[in-house]
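A quick write-up on the structure given underneath.
The values are calculated or read from the model by the stated rules, or taken from the named source; none is laboratory data. Keep in mind that this is a model prediction, so the values were computed, not measured. Cβ placement follows ideal geometry from the backbone for every residue including glycine, while neighbour counts extend to all protein chains displayed.
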Amino acid sequence: MTSGYNEGMESSDAKYKIYLHQDVFIRNKYFIFDILEIFKEDDRIGLIGLVGSPTLPANAVMWYGKRIVFETEEVPFEEYRYRMKEDGYWEVEAVDGLLMATQYDIPWREDIFDGWDYYDISQCFEMKRAGYLVVVPQQRDVWYIHDDKVVISLWNHDKYRQRFLEEYGTDMKANTTM
C-alpha cells in the first residue's frame with residue numbers, strides 16, 4: 001500500500017489526492033466539492049477520512065475504541081455529536097484507509113509498513129507530526145459504500161501493530177494522558 005501510494009503521490013502534481021480501496025464506491029455526488037470546501041475552510045487540515053477514531057485505544061486497535069462511523073448502526077451518530085466542530089467535521093487521531101483525501105504530500109512510511117495493516121493510521125500520525133489536522137466530515141447521508149464482505153487476512157496485523165506502537169506509541173493521546 002505505502003509504496004503504491006508513494007508512487008501515485010510522486011507521479012502527480014495535483015494539490016488534492018484521494019486514496020481509496022478497490023471496494024469503496026462514492027455515493028455523494030458532491031464529494032469533490034464537499035472535500036474541497038473542507039480543505040479550503042482550514043489550511044491546517046491535511047487529511048480527510050470517512051471513518052475515524054477520536055482517540056486510539058492504548059493498544060492501537062481502532063475497532064476496540066470509539067469510532068465515528070456512518071455506514072452502520074454500530075456507533076450511534078448522536079454519541080459523537082458533541083465532538084463535532086461547528087463547521088461540520090470532527091478532529092480525529094486516525095482514520096480508516098478505506099478512503100483518505102489529502103491536500104499535502106507527506107511520504108507514506110514504506111520503510112516501516114510494507115503490507116495492508118497500519119499504513120493508514122501511520123499516515124495520520126505523519127500528518128500530525130507535520131503539523132496538520134486529520135478530520136472526518138459530517139455525513140448527513142452516507143458518502144460511500146464499502147463493499148468489504150470479503151474477509152481479509154489479519155495474519156500480520158499484530159506485527160504491524162507492534163511496529164506502529166514502536167514508532168508512534170508516545171505520540172498517541174491514550175499514551176500521553178496517562
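With over 28 Å from Gly115 (Cβ atoms), in contact with a strand residue (DSSP E or B) (Cβ under 9 Å, 6 or more places away or on another chain) and not acidic (Asp, Glu) as the only criterion, which of Ile26, Ile38, Ile48 stands out?
One residue alone meets the criteria, Ile38.
One line per residue, one yes/no per condition, for (1) surrounded by fewer than 13 Cβ atoms within 10 Å (Cβ to Cβ); (2) within 24 Å of Met172 (Cα to Cα):
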residue	(1), (2)
Ile18	no, no
Gln22	yes, no
Glu37	no, no
Gly46	no, yes
Thr55	no, yes
Ala58	no, yes
* Do the conditions hold for Ile32, that is, is it assigned to a helix (DSSP H, G or I) and either touching a Lys or Arg at 6+ places or on another chain (Cβ under 6 Å) or among the aliphatic types (A, V, I, L, M) (or both)? -> yes
* Structure fact -> Screening Phe31, Phe70 for residues that are surrounded by 13 or more Cβ atoms within 10 Å (Cβ to Cβ), more than 27 Å from Glu167 (Cβ to Cβ) and at pLDDT below 90 leaves only Phe70
* In region 96-139, residue nearest to the chain's Cα centre (by Cα) [restricted to those that are within 21 Å of Leu36 (Cβ to Cβ) and assigned to a helix (DSSP H, G or I)] -> Cys124
* Asked: Using beta carbons and a limit of 7 Å, which pairs, at least six apart or on different chains, have the first residue in region 104-121 and crowded, with 22+ Cβ neighbours inside 10 Å and the second one in a loop (DSSP other than H, G, I, E, B)?
  -> Asp117/Asn156; Tyr119/Met1; Tyr119/Gly97; Tyr119/Trp108; Tyr119/Phe113; Asp120/Asp96; Asp120/Gly97
* Assess whether Ile48 counts as being at pLDDT below 90 and in contact with a Ser or Thr (Cβ under 9 Å, 6 or more places away or on another chain). => no
